[in-house]
Each structure stands twice: as C-alpha cells, then as structure tokens.
1. In percent, how large is the relative contact order of the range 84-179, given Cα pairs closer than 8 Å and 6 or more residues apart?
2. From the Cα gyration tensor of the range 30-77, with a ≥ b ≥ c the square roots of its eigenvalues, which class applies: rounded if a/c is under 1.5, or else prolate if a/b is larger than b/c, or else oblate?
3. What does the charge add up to near G184, with Lys and Arg as +1, Asp and Glu as -1, over the other residues with Cβ less than 12 Å from its Cβ?
4. Could you size up the charge dipole of the range 15-145 around its Cα centre, putting +1 on the beta carbon of Lys and Arg and -1 on that of Asp and Glu, and report it in debye to the nearest 20?
5. Go through the range 112-188 and name the trypsin sites (Lys or Arg not before Pro) that are in a DSSP coil and have 13 or fewer other Cβ atoms within 10 Å of their Cβ.
6. At 0.36 nm per residue, and after removing the present C-alpha to C-alpha distance, how many nm does the segment from E95 to F188 gain when stretched out fully?
7. Tell me, what HN-Hα J-couplings in whole Hz come from the Karplus equation 6.51 cos²θ - 1.76 cosθ + 1.60 at θ = phi - 60° for each residue of the range 150-155, using x for Gly and Pro?
8. Given the Cα atoms of the range 62-188, and with Rh set as the inverse mean 1/r over their pairs in the Kirkwood sense, what is Rg to Rh to two decimals?
Amino acid sequence: MKLLEEKILKEGIVLAGDILKVDGFINHQIDIPLMEALGRDMAEHFQGRGITKVMTIESSGIAPAVFTAKYLEVPLVVLKKQASKNLKTKVWQTEVVSYTKDISYDLTLARDYLTDGDHVLIVDDFLANGEAATGAVRLIRKAHATLAGVGVLIEKCFQPGREKLESQGIHVYAQARIRGLENGEIHF
Ligand code: G4P
C-alpha cells in the first residue's frame, strides 16, 4: 500500500539487526488517520469471507486491528501476553518464543471470547518470524474456531514468517513488503 510505504520511507529508521523502528506512527506514538486507512484497506481485502472476529496480539497490533474490526463490523479479540489476575474464567494458552526480542511468553485467551462457530482474521503490525501469528493460530485451533487469514502492516520478506504460514495453507496479506534493510536503506 503506497500510503504505508511512503510513511515508512519518511519516518522509519533502520536499526542494527535488521530492525525497522516505527515508533513514531505504529508502536509508541500512533498515527490514527493512517491506522484507520490501513484498517479500512485490511477490511476491504478480507470482506465477504464470513469473518466473525478480528484477533490481535497486544500491544502494537491493537491500533490497526481496531479499525479493521470497525470496518468489518465485528468484535476485536486481544490476545494477552501476561495472564491478568482478573481472568477468573477458563483460558486457552500457548507458549510463543520471540526470536527478535529473545523472550518467550504464554499467549492467553479467555475461552468465552472464541467459540467453534467463529471465523477469525488475525491482524498484527509485523510479520517477521511468524511466531506470534503461529501462536494465535494454535489458540484458534484449540477453540475449534476457523481461520480466514493473517493480515499484517509490514512483512519482512527476508524472514520466514510468510513461508511458515503459507505452508499451512494460510492466506497472508501484507500492506508493505520489505525485501531488505541493507546499509540503513529500506527496499520494498
Ligand atoms: P513475529 O512477530 O513474526 O512472530 O517475529 P518475532 O517473534 O521475531 O517478533 C517478535 C516481536 O518483534 C514482535 O513484537 C514483532 O512485531 C517485533 N518485530 C519484529 N521485527 C521487527 C522490526 O523490524 N521492527 C519492530 N519495531 N518490531 C519488530 P511483539 O513482541 O509482539 O511486541 P509488541 O510490539 O507487539 O508489543
């Protein structure tokens, strides 16, 4: 999507270790009109597929997922990385290893918010190694719900996320696809 590519070129910063810093418009400060435009495009891409819920993983996926859910006119479910003490209901859980951040966490979802009749669209900010999305897919399967696809704002094509998902037959839509981040330059 041209709008997102232009914003990345203007404000994205390439850090060591092939990390693209997007703190100024996605992660730390959020550009609301941009998130709304991206959410609307995401919803248009997946329209007509019988989606009953949008799902994201806290925290950076929430902003685009809110607008995707708004335009699809369905609820948004946010997977927790830390199970709240207030979660007194039964939960689905799965462990996710984040290679980028070198940590692991238990992805948690209250069973009340996903049932076997749900058809789910996963929305996240980055697709890198695909570990977070794969964890979300595991939770969807545990709940006997079905998956409509995975939509991300930024795909790092030089990492194995897409391959990991597509090899399971999952439809992946990325709004900006980054081929490389060599010498501080961003190549789409
Ligand atoms: P995955 O997201 O595809 O599963 O890959 P990985 O496990 O390696 O990513 C771990 C975290 O690092 C994810 O955020 C992901 O969004 C983030 N990440 C990966 N590459 C980049 C990058 O180039 N730039 C930025 N800014 N983030 C990147 P998370 O742990 O889910 O954290 P949160 O920010 O959503 O809270």
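1. Values: 177 pairs, mean separation 24.1, N = 96.
Answer for the range 84-179 is 25 percent.
2. Working: a/c = 2.37, a/b = 1.29, b/c = 1.83.
Taking the square roots of the gyration eigenvalues as a ≥ b ≥ c, the range 30-77 is oblate.
3. Numbers: positive: K21; negative: D18, E182, E185.
Its environment carries a net charge of -2.
4. Working: 15 positive and 17 negative charges, 121 e Å.
Its charge dipole is roughly 580 debye.
5. Sparse-neighbourhood loop trypsin sites (Lys or Arg not before Pro): R179.
6. On the way: separation 93, 0.36 × 93 = 33.48 nm, distance 3.17 nm.
Contour length minus the Cα-Cα distance gives 30.3 nm.
7. 10, x, 10, 6, 10, 9
8. On the way: Rg = 15.2 Å, Rh = 15.5 Å.
We get a ratio of 0.98 for the range 62-188.
Bear in mind that the values in this text are calculations on the coordinates, not laboratory data. Values in this document were obtained by computation on a predicted structure and should not be read as measured data. With ideal geometry, Cβ positions are generated from the backbone for all residues, glycine too; neighbour counts draw on all protein chains shown.
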